[in-house]
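J.: Submitted below is the structure of interest, expressed as structure tokens.
The values are calculated or read from the model by the stated rules, or taken from the named source; none is laboratory data. Small disclaimer: the values here were computed from a predicted structure and weren't measured. Glycine gets a Cβ as well: all are built from the backbone with ideal geometry, and neighbour counts include every protein chain shown.
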Amino acid sequence: MRNGLLTTAAAITAAVVLGVTAPTATAVDQARTTAATASDASEASMHGGSLTVYEDSNFGGRKKSFTRSDSNLADNLWSDGRTNMNDSASSMKNTTSDDWKLTSDAGFHGDVYFAQPHSTDKKFSDNDLGNDELSAVRRL
Ligand SMILES: [Ca+2]
Ligand SMILES: [Ca+2]
Ligand SMILES: [Ca+2]
């Protein structure tokens, strides 16, 4: 799924850089369709929602959304596509109907925060999983 999203993002970026509208809009649509059908879009639509984590407390700064588990955030980027998001999340919104296990170490180890279905946490600093520690998310 990540590769598909990156491909879509690359296509969109290319369209913006080139400043071309009509022809590349089709390319972007095709990329979106490919990304949606090639990965686990069926799983996402079946469950709905996402876990979104934010760079700053009170849902500020850059963000990153997940629809499935990720055992290691070391290779994930914030929404600007530039900066690694490992050990930098500070708040979250869970719009799924599932619990998520957020952990301070990769592989779902270390300190834990359980995000209840349809819940938010505006700051991680008062949890066992502290501020700027998140390294893995598991959808339960
Ligand atoms: Ca990852
Ligand atoms: Ca942060
Ligand atoms: Ca960590």
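J.: What is the residue count in segment 65-103 for residues that are outside any loop (DSSP other than H, G, I, E, B), surrounded by fewer than 20 Cβ atoms within 10 Å (Cβ to Cβ) and without any contact (Cβ under 8 Å) to a residue 40 or more places away in the chain?
T.: Final tally of qualifying residues: 5.
J.: Criterion first (polar (S, T, N, Q) and either free of Cβ contacts under 8 Å to residues at least 24 places away in the same chain or crowded, with 20+ Cβ neighbours inside 10 Å (or both)) does Thr120 satisfy it?
T.: No, not satisfied.
J.: Okay, moving on. Restricting to segment 104-140, give me the number of residues that are in a strand (DSSP E or B) and within 13 Å of Phe66 (Cβ to Cβ). Walk me through how you get there before you give the answer.
T.: Going through segment 104-140, the residues in a strand (DSSP E or B) turn out to be 104-105, 109-115, 119-121, 136-139.
Those left that are additionally within 13 Å of Phe66 (Cβ to Cβ): 115, 136-139.
Count: 5.
J.: Quick one: which of Ser65, Ser79, Ser71 is under 19 Å from Asp121 (Cα atoms) and small (Gly, Ala, Ser)?
T.: Working: Ser79 fails: under 19 Å from Asp121 (Cα atoms); Ser71 fails: under 19 Å from Asp121 (Cα atoms).
Of Ser65, Ser79, Ser71, the one residue that is under 19 Å from Asp121 (Cα atoms) and small (Gly, Ala, Ser) is Ser65.
J.: Would you mind telling me which numbered condition in (1) in contact with a strand residue (DSSP E or B) (Cβ under 6 Å, 6 or more places away or on another chain); (2) more than 17 Å from Glu55 (Cα to Cα) Ser135 fails?
T.: Only one criterion in (1) in contact with a strand residue (DSSP E or B) (Cβ under 6 Å, 6 or more places away or on another chain); (2) more than 17 Å from Glu55 (Cα to Cα) is unmet by Ser135, namely (2).
J.: In the same structural domain as Asn131 (by TED's automatic domain parsing) and within 10 Å of ligand 1 (Cβ to nearest atom) - does that describe any residue in segment 89-107?
T.: yes
J.: In this structure, is Thr52 away from ligand 2 (no atom under 11 Å from the Cβ) and in contact with a His (Cβ under 7 Å, 6 or more places away or on another chain)?
T.: Numbers: away from ligand 2 (no atom under 11 Å from the Cβ): yes; in contact with a His (Cβ under 7 Å, 6 or more places away or on another chain): no.
Considered against the rule, which asks whether it is away from ligand 2 (no atom under 11 Å from the Cβ) and in contact with a His (Cβ under 7 Å, 6 or more places away or on another chain), Thr52 comes out as no.
J.: Scan Phe108, Phe59 and give me the residue that is within 16 Å of ligand 3 (Cβ to nearest atom) and either of a type in the set (Phe, Trp, Tyr) or under 12 Å from Arg138 (Cα atoms) (or both). It would help to see each step written out before you state the result.
T.: Values: Phe59 fails: within 16 Å of ligand 3 (Cβ to nearest atom).
Matching residue, one of Phe108, Phe59: Phe108.
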